[in-house]
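The values are calculated or read from the model by the stated rules, or taken from the named source; none is laboratory data. Remember, predicted model here, so these are calculated numbers, not experimental data. Ideal geometry is used to build each Cβ from the backbone, glycine not excepted, and the neighbour counts take in all protein chains shown. For accessibility, only protein heavy atoms count, side chains too; no ligands or nucleic acids. Shrake-Rupley method; radii C 1.70, N 1.55, O 1.52, S 1.80 Å.
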Amino acid sequence: MFKKYLLGIVLFIFTSAQAQVKSPDDYLGYKIGTRYTPHWKIVNYFQHVAASASANVKLEQYGQTNEGRPLLLSFISSAENIGRLEQIRMNNLRLANLSKDRVAAIEEGAPALVWLSYNVHGNETSSSEAALMTIWALVDPSNTKTKEWLKNTIVIIDPCINPDGRDRYVNWFNSIVGEKMNPSLNAREHREPWPGGRTNHYNFDLNRDWAWQTQVESQQRMKMYNRWMPHVHVDFHEQGFNNPYYFAPAAQPFHEVITQWQRDFQVTIGKNHAKYFDANGWLYFTKEVFDLLYPSYGDTYPIYNGAVGMTYEQGGHSLAGLGVITDEGDTLTLHDRAIHHYTTGLSTIEISSLNASRLVKEFRKFFNDAVGNGVGEYKTYLVKNGAADRERVNALISLLDKNGIEYEFAGGNSRGTFNGYNYFSAKDESFTIEASDLLIHSRQPRSAMVKVLFEPTSKLVDSNTYDITAWSLPYVYGLRTYGSKIKLQSSAGAGPTAVVNNVSDAYGYVIRWQGVQSVKALTELLQQGVKVRFSETPFETGNQQFDRGSLIIIKKGNERFGNSLASVINRVCNANNVKANVITTGFVDKGFDFGSSKIHYLKPPRMALFTGEGVSANAAGEIWHFFDHQIDYPVTLINANDFGRISWSDYDVIIMPSGNYRFLSEKTSADQLKDWVNKGGRLVALETAVGQLARTDWAIKSKKTDDTPSKDPYANLEVYEEREREFLKTNIPGSIFKVQLDNTHPLAFGYPGYYYTLKQDDALYDFIKAGGWNVGVLKKDSQVSGFVGSSLKDKINDALIFGVQDMGGGKIVYLADNVMFRSFWENGKLMFCNAVFMVGQ
């Protein structure tokens, strides 16, 4: 009797504790989908669940956004699994050969790890609402199915990857919606203002940032992701509201490193989803639109790291609001959208639980194959690490570290020569290994990721892809690289050490102009009031050689620092890991003396950046973030629609990101801009802003291509079934071209005679014939990597890509391609800095 009494007390305590867990409807006071839930309420609910069901749920804050909102992960499983969560995590790393300890991995009985990521695009709002429903289903005491799944599965939920973007949209919507939502597309609640909630604080698309990790949200999340390495990952999205639901299997092209198991399990998951959608009469599609190629998505990045990664797309997006009338006359509600995501989320957990042992087995096989055989034809990638490469090599190392990719440095010069693929010549050539060269071997746990990031060109089964088709890191970073089909052996060398400057009082100091860290040193010096000069030509002094663009700091003009100038130089250069070179005289051995007209005073430029309606939010965000977080230099953001109120004399440099500028179509306004340039202003135009300027009567001109009609009388006969693919003939989704540079011009200081550009359109411009400089040009046969439509292959040549036009006392800098692309195109950043700091000085 006493035992029964005691058991009754235990059961009462247990069920009472579980009963404290409220459903989201009860906790929030409204039915999910009838109004938008702001991020703070999502956080509160997840905290409530973790506190009320602590035996089954662990909540962890892994970081915060730019605007200070918390980033959360919730771990949900059986009490037994939650009790040994850290042991499970460590064992999973051992399964992936990623643990540094020597404990044997245990495959038998290891739980499946399913990671669900919601709301990476802030205005694709239904998924965070679905996250609330999903965690409730997993902890609901009456839900016996989920309890069974959680015995062999750990579910990891990130309820909102992009809280800043979500709240930007939700707060706007909640501020303008009426007592009842209006489903008519004419209503203002379906017209989200610029920049929209899709992106993060700096207008970055976080779903393109998984590999590059340029944003604080990505950096913090990926540390957690790589600590766990899930077996299944789902990224929840929304698409146009008229589209049925999309789930796996994905569309072609699939990257060739994707295993047969990863492909097959996508089909298995898709069939399980279809079972539920068919039962409810919901429409869906698979194998269309959303491919698996670009490595920085929430589906491909997990795939290249051993998981089964998938994107799920619900019809909706920001136009849908709380409800919208579709083309078929139905009203699609937020509740509908959330229910669909909720259904695929639970279906994913279910099918993963049913296949948990196979998921673990294939996960282990993926990484055992990686370390045993390696992926791809190249066994070692050798990156040359000369003195001029150091800043870019350091930036590459930072990227490798973020992604857990292993590498080593050569300890000494090799004996003899080796043969391998030279990325810059596109030929097999001989090379030597020199001390400090960087070696990345394919036989390592992240072998698939190494191949994807380093391969010279990706194989395309289907050219109809969703994103760029070329991203090979040697071109992105501008680093001389060789691919070797044999593993290269070298004595182990030490990695790069931090530069330690301890210069003393001297005539002056020189800092080489070699990358973003050099720029950062310049911006710090300028903001501390140090007067800086730069050399237009190479020079030698005291057995030291310096190239164009080298920064010169001498006592002349810096008298106010007295004897403390050296300490300022030491502090700034040490903080930015650049070397300050002492010079003892202004009389150089070769080149021009420091009093020459070839040595220029670098006046701190006052900069403005156009932003707001009509400007590409992504393009403006790349530049804004660069000024704020990489070079820490002030820039004034001006709404393009406030053009008429600009105080022109306040700015030396105005930056025009890609966009559609209304003021350029009005002659009076356009002439204002022209007048400012004539009076000494420096205008920097990027991408489509170049094309808009080309339509004025005072800028460069677009190149006319040969559109002579074909003489074939049947040339215009097309097959109806192929109508959606016809555009591919004139498409460049993102391909790499080699641009020839005039590196004697300030726009190309710090570069060799070439640059690898990412071309995303067919915009070409005539050479500047007089009154300017053709600094970067495309010549014939300049394509290096990626897809280019058949109708364009022979037309993308003999054109200007980067140039400078002299106009009165000012300059216009043309950057027709995006040198700042997603902030990961590292080798373009110095050219942008040349445009805003060097040109026109």
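Descending by average beta-carbon neighbour count within 10 Å, the peptides 762-768, 150-156 line up as 150-156, 762-768, the highest first.
Taking a straight line from the alpha carbon of K41, these lysines sit under 27 Å away, with near neighbours fewer than eight places off in the same chain left out: K22, K31, K58, K147, K180, K223.
Using modelled amide H (1.01 Å from N, peptide plane; none on Pro or chain starts), what sits under 5 Å from the amide H of G659, excluding residues fewer than 5 places away? Correct list: S616, T688, A689.
Straight Cα distances below 14 angstrom link K531 to the aspartates and glutamates E559, with same-chain residues fewer than 8 positions distant left out.
Charges at C-beta only: +1 for Lys and Arg, -1 for Asp and Glu. How large is the resulting dipole of segment 142-229 about its Cα centre, in Debye rounded to 20?
Numbers: 13 positive and 10 negative charges, 61 e Å.
Once rounded to the nearest 20, the dipole reads 300 debye.
With the charge dipole of the chain set up from +1 on Lys and Arg Cβ and -1 on Asp and Glu Cβ about the Cα centre, the Cα lying farthest toward the positive end among the listed residues H335, F626, T497 is that of T497.
Classify segment 366-438: rounded, prolate or oblate, from the alpha-carbon gyration tensor (a ≥ b ≥ c, eigenvalue square roots; a/c under 1.5 rounded; otherwise prolate if a/b is larger than b/c)? Judged from the Cα gyration tensor, segment 366-438 comes out oblate (a/c at least 1.5, b/c at or above a/b).
Considering helices alone, the calculated mean residue ellipticity of the chain at 222 nm is -9000 deg cm²/dmol, with DSSP H runs of length four and up weighted by -39500 (n - 2.57) and normalised per residue.
If N is the number of residues in the chain, what value comes out of its Cα radius of gyration divided by 2.2 N^0.38 Å?
On the way: Rg = 29.0 Å, N = 841, 2.2 N^0.38 = 28.4 Å.
This ratio for the chain stands at 1.02.
Taking every DSSP bridge with both residues inside the chain, close to 65 percent are antiparallel.
Under 1.5 on a/c is rounded, so check that first for segment 103-155, then, if it is not, pick prolate when a/b is larger than b/c and oblate when it is not; a ≥ b ≥ c are the square roots of the alpha carbon gyration tensor eigenvalues.
Working: a/c = 5.05, a/b = 1.50, b/c = 3.36.
Oblate.
The 3J(HN,Hα) values that the Karplus relation (6.51, -1.76, 1.60; θ = phi - 60°) gives for segment 25-30 are, in residue order, 4, 5, 5, 7, x, 8 Hz. Gly and Pro appear as x. Taking amide hydrogens as placed 1.01 Å from N in the peptide plane, the amide H of T611 sits under 5 Å from those of I638, N639, A640, each at least 5 positions away in sequence or on another chain. Apply the a/c threshold of 1.5 to the C-alpha gyration tensor of segment 652-743 and tell me whether it is rounded, prolate or oblate. Prolate shape, in that a/c is at least 1.5 and a/b is the bigger ratio.
Straight-line cross-link reach from K361 at under 21 Å between alpha-carbon atoms covers these lysines, not counting any fewer than eight positions away in the same chain: K100, K151. Per residue, the Cα convex hull of segment 706-795 amounts to 117 Å³. The share of accessible area on segment 419-559 that comes from carbon and sulfur is 44 percent, using a 1.4 angstrom probe.
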